[in-house]
Amino acid sequence: EADIYQTPRYLVIGTGKKITLECSQTMGHDKMYWYQQDPGMELHLIHYSYGVNSTEKGDLSSESTVSRIRTEHFPLTLESARPSHTSQYLCASSLGDTQYFGPGTRLTVL
Amino acid sequence: QKEVEQDPGPLSVPEGAIVSLNCTYSNSAFQYFMWYRQYSRKGPELLMYTYSSGNKEDGRFTAQVDKSSKYISLFIRDSQPSDSATYLCAMKTSYDKVIFGPGTSLSVIP
């Protein structure tokens, strides 16, 4: 089983709140990713990092930001949550082409 | 046209059946092909990884890649209720990010 963790697992929050989704991995992987997944839809890459102090936006435009101050930690922040941000957020890290996923955070914005 | 298309399902089969899951793609530069399995409320986990055309077998699972037709398949023999999950195909070029299909939901009925 992959050693990648996400907290919280479920979050219900009101519009306008600032939230941070946590992601940590203990495998020492340099590459980390954030995906958004809606039911029946493909995973959309929203941010990725190839190492400490390296972050890039993915293919899906997002109002979120990320940081990579430590290898093991890759948090995602929404400054002002909106109902359109309601989704499942998956964090992953990779060694080569194999990606290891966390369990996901299911976010609901009311 | 999406880069990766996948039979949407849902697919429901009796226990013991042979299951065929399929994806088509448009980018002839894809060289690495993967199948991920995602259980409900969990992140995807890598099931099979293949490079270029050909077959790869692992227990009850066989991955097949036909680059000339831009078509990949995952076969599950002697399907079990524990195989009930969503199956995501994924692929990449030698230099770019992984692209995921939308997934096929499979239910194996005892």
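Bear in mind these aren't lab numbers, they're just calculated from the coordinates by the rules spelled out. Because the structure is a prediction, the values reported are computed rather than measured. A quick note on method: Cβ atoms are made from the backbone with ideal geometry, for glycine too, and the neighbour counts reach across all protein chains shown.
Within region B:60-104, which chymotrypsin sites (Phe, Trp or Tyr not before Pro) sit in a loop by DSSP and count at most 13 neighbouring Cβ atoms inside 10 Å?
Filter output for region B:60-104: B:TYR95.
Report the net charge of residues surrounding B:SER105, where surrounding means a beta-carbon distance below 15 angstrom and charges are Lys +1, Arg +1, Asp -1, Glu -1.
Net local charge, B:SER105 excluded: -1.
What GluC sites (Glu not before Pro) in region A:1-76 are in a loop by DSSP, with at most 13 other Cβ atoms within 10 Å of the Cβ?
A:GLU1, A:GLU63
Specify whether the C-alpha gyration tensor of the protein assembly as shown places it in the rounded, prolate or oblate class, a ≥ b ≥ c being the square roots of the eigenvalues: rounded for a/c under 1.5, otherwise prolate if a/b is larger than b/c and oblate if not.
Prolate.
Pop a pseudo-label 7 angstrom from the Cα along the beta-carbon direction at both B:GLU15 and A:VAL52 and give the gap in nm to one decimal.
So the label points at B:GLU15 and A:VAL52 sit 5.2 nm apart.
Based on DSSP, what percent of beta bridges with both residues in chain A are antiparallel, to the nearest 5?
The answer is about 90 percent antiparallel.
What percent antiparallel are the DSSP beta bridges of chain B, to the nearest 5?
90
Between the alpha-carbon centers of region A:29-68 and region B:31-79, tell me the distance in whole angstrom.
24
When the chain is fully extended, how far beyond the present Cα-Cα distance does A:THR77 get from A:ASP30, taking 0.36 nm per residue of separation?
So the extension gain works out to 14.9 nm.
Determine the dipole magnitude for the protein assembly as shown: charges of +1 sit on the beta-carbon of Lys and Arg, -1 on that of Asp and Glu, nothing else is charged, the reference point is the Cα centre, and the result goes in debye to the nearest 20.
420
Enumerate the amide H contacts of B:SER107 below 5 Å, restricted to partners 5 or more residues apart or on another chain; note that Pro and chain-start residues carry no placed amide H.
B:LEU11, B:SER12, B:VAL13
How far apart, in nanometres, would the label points at A:THR98 and A:SER84 be if each is projected 7 angstrom from Cα along the Cα-to-Cβ direction?
Going from the A:THR98 label point to the A:SER84 one covers 3.9 nm.
How much length, in nm to one decimal, is gained on full extension between B:ASN22 and B:ILE109, taken as 0.36 nm per residue of separation minus their Cα-Cα distance?
Additional length available on full extension: 29.3 nm.
Could you check which residue among B:ASP83, B:ASP66, B:ASP58 shows the biggest mean-square fluctuation in a GNM of chain B with a 10 Å Cα cutoff?
Answer for the Gaussian network model of chain B: B:ASP58.
Given Cβ point charges of +1 (Lys, Arg) and -1 (Asp, Glu) and nothing else, what value in debye, to the nearest 20, does the dipole of region A:4-110 about its Cα centre take?
360
Across peptide B:42-50, how many C-beta atoms of other chains are within 10 Å of each residue C-beta, on average?
Partner Cβ neighbours, averaged per residue: 5.
Scan region B:12-110 for GluC sites (Glu not before Pro) in coil per DSSP, keeping those whose Cβ has at most 16 other Cβ atoms within 10 Å, and list them by number.
B:GLU15
Dipole magnitude of chain B about its Cα centre, charges +1 at Lys/Arg Cβ and -1 at Asp/Glu Cβ only, in debye to the nearest 20?
Dipole magnitude for chain B comes out near 240 debye.
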